[in-house]
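Let me begin by presenting the structure, written as structure tokens, before commenting on it.
Read-outs throughout are calculated quantities, based only on the coordinates presented, and are distinct from any laboratory measurement. In this text, all values refer to a predicted model and were calculated from it rather than measured experimentally. All Cβ positions, glycine included, derive from the backbone under ideal geometry; neighbour counts span all protein chains shown.
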Amino acid sequence: MPKVLIVGAGGVGSVVAHKCAQVPELFSHIVLASRTLSKCEAIAAEVKKRWGREIITAALDADDTAQTVSLIQAHSPDLLINVALPYQDLTLMDACLETGVDYLDTANYEPPDQARFEYKWQWAYQDRFKEKKLMALLGSGFDPGVTNVFCAWAQKHHFDEIHQLDIIDCNAGDHGQAFATNFNPEINIREITQPGRYWERGEWVETDPLSWSMNYEFPGGIGSKKCFLMYHEELESLVQNLRGIKRARFWMTFSDQYLTHLRVLENVGMTRIDPVEYQGQKIVPLQFLKAVLPEPSSLGPLTKGQTCIGCLMKGIKDGKAKTLYVYNICSHEAAYEEVGSQAISYTTGVPAMIGAMMMLKKKWHGQGVWNMEQLDPDPFMEALNIHGLPWQAEEIK
Ligand code: NDP
């Protein structure tokens with residue numbers, strides 16, 4: 001029976017553990033390892049309480065490939081699910097190569113000293129994974145992840161060519177805190193403070209950070225929200241894999257309160273990622289900021305409202321223009337009720353579990369490094385409806 005090793009016991013790791021525990025016929029053995037053992041133990045106790053399943057826990061510094069290799073050798077998993085931080089992607093991929101284990105993650109590698117979002121470091125593992133006959137699935141969260149699958153499904157069933165893609169990510173929830181991020185604050189703030197970038201007729205166009213916005217009318221009673229253009233990693237692979245794509249953009253909603261706090265933090269230097277000297281030691285201001293902000297996993301009981309993440313696609317089918325919007329709405333309260341987490345962790349953790357399911361059932365099977373839209377979207381789309389992230393597809397006339 002398959003065994004999985006989940007690395008990372010934060011907001012997303014907790015959801016992955018709960019969702020894997022809900023499918024005992026597939027995930028018969030679950031090991032959860034992270035830097036802080038007590039966080040793994042707290043998740044394991046909650047999983048036991050809710051689902052009656054035992055999961056094994058272990059302390060692990062995933063920056064240290066040798067430690068991961070020893071842990072893998074001790075437990076012999078079939079798949080490593082990386083829901084630690086993007087900084088650990090390469091060391092964990094190295095450990096998988098050394099031990100002959102398949103790999104899955106939800107965010108592309110970033111060097112700690114540069115906020116760069118590129119697949120080049122992980123795509124460079126292509127030949128090594130092929131040589132070892134192993135599979136690495138990149139970006140199996142919501143965005144990247146489900147958004148890539150929505151595009152692949154639309155391309156397969158609804159379009160001859162997709163010409164314009166807008167991925168629109170709305171968190172209409174409210175956690176009542178003056179300032180908090182819904183996933184790891186360091187990774188989140190690095191991403192948001194970068195210049196925007198979108199694809200237009202064969203090249204990348206750069207914009208000043210959060211300088212372009214639009215209002216979008218969201219379904220499910222959410223209504224009109226202001227969305228800001230950002231660069232997001234799935235654009236890099238989608239522009240290579242969508243037939244006929246001419247323009248691809250990514251948008252995210254932010255409240256005025258969030259943006260005001262962010263602007264102040266940036267202006268006073270608290271979002272810097274270079275080390276500064278403080279009382280005889282070097283500290284990275286953004287890492288210090290992370291230490292004083294609420295943990296994403298603590299926002300579960302506080303967050304009310306919904307998320308709506310989807311893909312708006314324009315293209316042609318049988319010579320006629322067509323516009324399709326594919327989206328999911330997820331309730332923060334329902335996610336908390338089910339697994340004790342807010343919807344951002346939930347919408348990331350569920351697709352990580354489904355990606356693992358696709359690989360373990362060999363519905364997604366291949367050698368080398370894969371982005372989500374390169375695989376058959378149908379079984380994944382079906383599993384989303386079953387495992388907590390039902391989707392809608394609406395043709396817009
Ligand atoms: P958290 O900060 O809540 O959790 C990260 C976990 O990783 C923590 O438990 C942390 O340990 C652990 N960790 C960090 N460094 C190491 C290390 N060297 N060795 C072992 N464990 C380590 O983050 P989230 O759960 O919110 O996010 C997890 C991942 O999901 C991130 O990569 C994020 O970018 C990605 N994500 C992807 C999304 C998508 O849609 N694709 C959306 C949201 C997030 P400790 O507790 O000791 O700090």
field: Dipole-positive endmost among Phe27, Phe183, Phe117 within the chain (Cβ charges, Cα centre)
entry: Phe27
query: Dipole magnitude of region 3-138 about its Cα centre, charges +1 at Lys/Arg Cβ and -1 at Asp/Glu Cβ only, in debye to the nearest 20?
result: 480
field: In order through region 192-204: 3J(HN,Hα) via Karplus (6.51 cos²θ - 1.76 cosθ + 1.60), integer Hz, x for Gly, Pro
entry: 6, 8, 6, x, x, 7, 9, 9, 9, 6, x, 8, 7
message: Could you tell me the relative contact order of region 146-341? Use alpha-carbon pairs under 8 Å, at least six residues apart, and round to a whole percent.
response: 32
message: Only four residue types carry charge here, +1 at the Cβ of Lys and Arg and -1 at the Cβ of Asp and Glu. Report the dipole size of the chain about the Cα centre in Debye, rounded to the nearest 20.
response: 560
field: Stretch gain in nm, segment His157-Ile396, where the contour uses 0.36 nm per residue and the Cα spacing is subtracted
entry: 84.5 nm
message: With viscosity set to 1.306 mPa s at 10 °C, what whole-number translational diffusion coefficient in µm²/s follows for region 1-59 from Stokes-Einstein and a Kirkwood radius over Cα pairs?
response: 146
- request: Using only Cα atoms, locate the centre of region 108-150 and the centre of region 160-184, then give the distance between them in Å, rounded to an integer.
  value: 21
- line: Heads up, region 3-138 by the C-alpha gyration tensor (a ≥ b ≥ c square roots of eigenvalues; a/c under 1.5 rounded, else a/b over b/c prolate, else oblate) looks prolate
statement: Quick shape summary for region 111-158, equivalent ellipsoid via Cα gyration tensor, semi-axes whole Å in descending order, reads 24, 18, 8
- prompt: How many angstrom lie between the C-alpha centres of region 234-250 and region 345-359?
  reply: 23
query: Tell me, in nm to one decimal, what length is gained between Asp127 and Asp64 on full extension, where the rule is 0.36 nm per residue of separation less the Cα-Cα distance?
result: 20.4 nm
field: Shape metrics for the chain, restricted to C-alpha atoms - Rg then Dmax, Å
entry: 20.1, 68
Neighbour cut-off at most 14 other Cβ (10 Å), DSSP loop, GluC sites (Glu not before Pro), region 9-100: Glu25, Glu54
Calculated P(r) tail over 23 Å for region 167-247, as whole % of Cα pairs: 33
- request: Sort the following peptides by mean Cβ neighbour count (other Cβ atoms within 10 Å, averaged over residues), highest first: 165-173, 321-329.
  value: 165-173, 321-329
- prompt: Ordered by packing density, taken as the mean number of other Cβ atoms within 10 Å over each peptide's residues, highest first, how do 184-196, 331-343 rank?
  reply: 331-343, 184-196
task: Report, as a whole number in µm² per second, the diffusion coefficient that Stokes-Einstein gives for region 242-282 at 25 °C and 0.890 mPa s using the Kirkwood radius over alpha carbon pairs.
output: 176
- line: Taking r as the C-beta separation of Gln367 and Gln279 and R0 as 56 Å, the FRET efficiency to the nearest 0.05 is 0.65
message: Tell me the net charge near Lys3. Cut-off is 15 Å between Cβ atoms, Lys3 excluded, with +1 for each Lys or Arg and -1 for each Asp or Glu.
response: -2
- request: Could you tell me which of the pairs Lys19/Lys156; Lys39/Lys120; Lys320/Lys363; Lys226/Lys304; Lys49/Lys362; Lys39/Lys363 are separated by over 25 angstrom between their Cα atoms in the structure shown?
  value: Lys19/Lys156; Lys39/Lys120; Lys320/Lys363; Lys49/Lys362; Lys39/Lys363
